[in-house]
1. Can you tell me which of His235, His149, His261 moves the most in a GNM of the chain? Springs connect C-alpha atoms under 10 Å apart.
2. Would you work out the relative contact order for segment 183-340, in percent, from Cα pairs under 8 angstrom that are 6 or more residues apart?
3. Is the shape of segment 94-153 rounded, prolate or oblate, going by the alpha carbon gyration tensor and its root eigenvalues a ≥ b ≥ c, with a/c under 1.5 for rounded and a/b larger than b/c for prolate?
4. Hey, if you put +1 on the Cβ of every Lys and Arg and -1 on every Asp and Glu Cβ in segment 23-338, which of Gly126, Gln75, Ile88 ends up farthest toward the positive end of that dipole?
5. Averaging sequence separations of C-alpha pairs under 8 Å and six or more residues apart, then dividing by the length of the chain, give the relative contact order as a whole percent.
6. What net charge do the residues around Gly254 carry, taking every other residue with its C-beta under 13 Å from that of Gly254, with Lys and Arg at +1 and Asp and Glu at -1?
7. List the relative contact order of segment 112-251 as a percent without decimals, with contacts defined as Cα pairs under 8 Å and 6+ residues apart.
8. So which of Lys27/Lys162; Lys180/Lys310; Lys90/Lys180; Lys147/Lys256 end up more than 22 Å apart, counting from Cα to Cα?
Amino acid sequence: MPGWRGPFLFPLSQKVLPMIDHTYLQKGLLATARSHQAGSMAGHLGASVLAGYYLGEDYPDLPKAVIEGIQGELQRIIQGEEALWTSIGKTGIGARELFAAAGDSEFFGSPQGDPEDMVLALSHHGQHLKQSGHNTIFAALALRALKDHPELATQKIIQGLKRLMQQFDQAAPGRGYFGKAQGWLTGNQIKLDASQKRTPFISMDQAIQEVMELFAREVIHRRRGFGGWFHLINHTAALQSLHHMGWESQCQLGLKTLQQHLEYYLALPDLTDELGSLQRASVDPRQSAYWQGSHRQSSQWSGWLTHRIKTMYGFYQLRESLDEDRLRQACDHAFLYLMA
């Protein structure tokens with residue numbers, strides 16, 4: 001769908017100048033295409049920069065301080081402040097190497113490639129949840145960049161993205177924490193009973209509605225694992241993006257993985273007694289005051305530098321699809337638990 005702009009805030013024919021520098025789009029795509037060199041989880045870094053770029057493009061009317069705050073976070077990611085996604089001691093590659101400009105001509109100067117090659121690699125995962133939906137989340141952000149800017153879809157870029165998808169081929173569904181007695185279990189170790197199974201989604205619209213209703217109701221329960229609501233929101237938004245961009249068969253496969261994702265997550269116990277109650281941000285991140293406060297580090301979440309940016313992008317994309325003011329307001333309230 002040429003000209004698609006995320007949550008359809010603007011007419012498809014309208015040219016929108018992004019408020020975050022266009023170089024972040026190229027940097028995010030390049031780092032995502034290189035990330036297989038550092039391991040599949042290194043995809044967090046480039047994907048987050050892509051998400052931050054698109055926040056600026058989709059919402060150009062955000063206050064200047066908010067845009068500057070987001071761009072500042074992208075710089076922190078590029079400079080390697082969140083090092084848990086790479087193991088430079090093992091691979092010699094960290095965030096700085098993934099975003100380094102030295103190989104730009106190699107990647108963006110090669111002949112044109114076909115994004116369908118990447119989609120095919122993603123489709124090999126079928127209806128099986130992989131690493132809490134990381135594969136789909138990374139793929140959808142990269143595919144939007146390629147769809148919006150076909151000149152960036154070179155053979156080297158496509159090859160790198162395809163190799164990233166292939167690193168998920170044998171991945172587990174993810175893992176969840178069941179408290180001190182049981183500890184962490186992978187999805188392959190968890191046996192769900194009939195009461196924990198969910199009715200399959202029949203459409204993307206239904207999936208968005210159910211996920212957001214559950215989010216508003218369940219976010220207060222402190223579960224740990226399967227990426228939490230950060231990943232459930234981003235997984236849902238990634239499928240919505242694939243749907244809007246025309247990869248409907250991949251979206252339909254993904255609805256089954258989203259169903260599995262919810263089943264695993266909701267099977268986790270509420271660990272409020274062990275971990276403490278969740279805190280909630282007092283200011284909406286769409287307001288300047290949020291970025292002028294002390295929100296450089298989370299009070300309760302790990303991997304927050306990359307996850308916050310991606311989840312802002314995913315959440316506001318899904319929010320635009322909700323018809324009820326009541327549910328939008330409830331989700332806005334719930335979202336502040338992820339922003340603290």
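What follows draws every value from the coordinates through simple rules; no lab data is involved. In this text the structure is predicted, and so the values were computed from the model without any measurement. A quick note on method: Cβ atoms are made from the backbone with ideal geometry, for glycine too, and the neighbour counts reach across all protein chains shown.
1. In the Gaussian network model the winner is His149.
2. Here the relative contact order equals 35 percent.
3. Oblate is the answer for segment 94-153, as a/c is 1.5 or above yet b/c matches or exceeds a/b.
4. Farthest towards the positive pole: Ile88.
5. 22 percent
6. Summing Lys and Arg as +1 and Asp and Glu as -1 gives +1.
7. 31 percent
8. In this structure, Lys180/Lys310; Lys90/Lys180; Lys147/Lys256 lie more than 22 Å apart at Cα.
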